[in-house]
1. Accessible area of the stretch 262-302 with a 1.4 Å probe: how many percent of it is carbon plus sulfur?
2. For the stretch 3-200, report the % of Cα-Cα distances exceeding 26 Å.
3. May I ask which residue of PRO65, PRO199, GLY98 lies farthest towards the positive end of the charge dipole of the stretch 3-200, with charges of +1 (Lys, Arg) and -1 (Asp, Glu) on Cβ and the Cα centre as origin?
Amino acid sequence: DAIPSADQIRITTSLKSQRGSVWTKNKSIFEYWEVEVTFRVTGRGRIGADGLAIWFTEEQGMEGPVFGAADKWNGVGIFFDSFDNDGKKNNPGVIVVGNNGKLLYDHHNDGSTQALASCQRDFRNKPYPVRAKITYYQKTLTVLINNGFTPDKEDYEFCAKVEDMVLPSQGYFGISAATGGLADDHDVLSFLTFQLTEPGKEVPTPDAEIPQKDKEKYQEEFEHFQQELDKKKEEFQKEHPDVQGQPGKLYEQFFTDDPFETVNDRELRQIFEGQNRIHLEIKQLNRQLDMILDEQRRYVSAITDEIAKRGAGVPGQQEQVSQQQIDTVVKTQEEVIRQVNEMRNSMADTLRLLSGAQHPGSAAGVYETTQHFNDIKEHLHVVKRDIEHLVQRNMPSSEKSKCPDLPPFPSCLSTMHFFIFVAVQTVLFIAYIMYR
């Protein structure tokens, strides 16, 4: 069901029970490789189905039940699963599943029993195309995702990593998609493949890898395609002489019905830009929280080592005191790390809510998102005060304000002096009574 066009391939249309796939014609002979895939998954519903898959398999996967491709593949599939089959509310998500040619994919559990690695990412209805970078180098598979919130093509986030993974030395790259009772448009804009080589290793020239007969065939196909393209350009120029050399008018004619921005378009653009700024701020805050965690861990390690060194040669009670100091510092730092982790979890929840706000035309959705960020802001202020209090409490002794030393405590009276003092006081009291 795939539909190719000049600038993209629609793997499946937003109709029920569709399957489509695209595969390379020849096997890849790269030992290590990297692919960059740009795609869009769009649909009218709040929930979509079924999803999209990126493949590297020993044989081409024809039509089948696994996101439009055949089951029991030998290789790896990276699945962008839109529909939550197991009801655990962990979709849309990205799942890495390997297979040796004997495994049947577990659709009912969304592959959770077979997943080598996974992450939860919402890739539907984004303002910009979603990008996936998949790297296989020295038996390690890494998946990075650009979630489509920003126009920055290099704004990738870590998603999943699988170590000690053995893949076929040669195989086909492919991409497939499928729809079920629900349906989305699955469009692929680009699929770039790169060969990775170890430093210092000689790379064979591209001409040496392609037989002469295949090169002639590819050259003939390219010339035929170029002629068809030139012919279409000439026909278009004859049909539209008024837009020659004016790409702005051409864009206006084919992509907009009105050269002016409508109120709804402006509101949508402003909401997307606001979400983009919020997303960037949250990412920056997440990086700062990671830095705080690293500083706290280094601080705990340094304090522990220093106290251990000082208490190494001191016997008895001082060793016990040093151990108590270590326990106190470690507990306090664990409390700081726990609160910072709570902040990170809160940021993750915020990102999920932000990713879920795909229909900004609803005023209620915008209000709920704004209210949620206000709550997060208040929570951050509270946690910030708690962290400052803990940091001040755990400052080194040299930095704390020193209290003045107590005066020497007077020595105790002897028994004789005490009785003399009592006798003199008694005599004075009796004399005072008699005087009265």
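1. Carbon with sulfur: 54 percent of the solvent-accessible area.
2. Counting pairs separated by more than 26 Å, the tail of P(r) holds 25 percent.
3. It is PRO65, whose Cα lies furthest towards the positive end.
The values are calculated or read from the model by the stated rules, or taken from the named source; none is laboratory data. Note that the structure is predicted; figures quoted are calculated from it, not measured. Please note: Cβ atoms are built from the backbone with ideal geometry, for glycine as well, and neighbour counts cover all protein chains shown. The area values use the complete protein model at the heavy-atom level, side chains included, leaving out ligands, DNA and RNA. Shrake-Rupley method; radii C 1.70, N 1.55, O 1.52, S 1.80 Å.
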